[in-house]
1. For the stretch 119-152, what are the residues that are at pLDDT 80 or above and of a type in the set (Asp, Glu)?
2. I'd like to check something: does the stretch 53-66 contain any residue that is surrounded by 18 or more Cβ atoms within 10 Å (Cβ to Cβ), over 25 Å from residue 142 (Cα atoms) and without any contact (Cβ under 8 Å) to a residue 40 or more places away in the chain?
3. If I filter the stretch 1-41 down to residues being among the hydroxyl-bearing types (Ser, Thr, Tyr) and part of a loop (DSSP other than H, G, I, E, B), which single residue comes out as least open to solvent (accessible area, probe 1.4 Å)?
4. Report, by residue number, each residue of the stretch 70-82 that is part of a strand (DSSP E or B) and either without any contact (Cβ under 8 Å) to a residue 60 or more places away in the chain or of a type in the set (Phe, Trp, Tyr) (or both).
5. List the number of the failed condition for residue 102; all other conditions in (1) among the aliphatic types (A, V, I, L, M); (2) in a strand (DSSP E or B); (3) surrounded by fewer than 16 Cβ atoms within 10 Å (Cβ to Cβ) hold.
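The values are calculated or read from the model by the stated rules, or taken from the named source; none is laboratory data. None of these values were measured; they are calculated from a predicted model. Here Cβ is always computed from backbone atoms with ideal geometry, including for glycine, and neighbour counts include all displayed protein chains. Calculation scope for accessible area: heavy atoms of the full protein, side chains included, ligands and nucleic acids excluded. Shrake-Rupley method; radii C 1.70, N 1.55, O 1.52, S 1.80 Å.
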Amino acid sequence: MQHTVTMDTHKAHMLAAIEAARQGMRAHQGGPFGALITDPAGRVAAVAHNAVLASGDCTMHAEIAALRKLGRTSLRGYTLYATGFPCVMCLGAILWSRLDTLYYCNDYAMTRDAGFGDAAFLQTFGRIFHCTPSPAGDSSLPELTIRRLPLPEGAALYAEWQAMADRQLY
């Protein structure tokens, strides 16, 4: 049974994803990215942060780490909260997992400005699939509802990342 979640609850989940990102970022485990997944009843099922640097694994983005924690192939009815608009790899994994809804905080331009742009990847996909993909705002795909949930804490997270003198881009 799908649970109705209030805007305050959505914000609380996003703030928890932001906090997870901040912890991983400050520990130099990865960039300023966090993810939280809730089950169909709205309960937190997994929280993760980017661990690319800690693991040496270029696929250990926050969204992937959260999906792996659940260890399930189908997440119908589940919702994912991400601090930034997912990269093409993570968006593919989100679609394959059959999550119902994706909330993201920081938009594509903010993520690009923080040093994590996917423009070259998007151009490559455009050539392969004969289209001109562009990052989404709010949109509804047949498989996934995507909603932006901008919060000042998300912008502050990216600002903190950009101010870190010892940050490592990858």
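1. Within the stretch 119-152, just 143 meets the criteria.
2. Yes, that holds for at least one residue.
3. So the residue we want is 6.
4. If the condition is that a residue be part of a strand (DSSP E or B) and either without any contact (Cβ under 8 Å) to a residue 60 or more places away in the chain or of a type in the set (Phe, Trp, Tyr) (or both), then 80, 81 are the ones that fit.
5. (3)
Residue by residue, here is whether (1) farther than 24 Å from residue 160 by Cα; (2) in contact (Cβ under 8 Å) with a residue 24 or more places away in the chain; (3) over 10 Å from the mean Cα position of the chain (by Cα) holds:
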| residue | (1), (2), (3) |
| --- | --- |
| 47 | no, yes, yes |
| 68 | yes, no, yes |
| 84 | no, yes, no |
| 88 | yes, yes, yes |
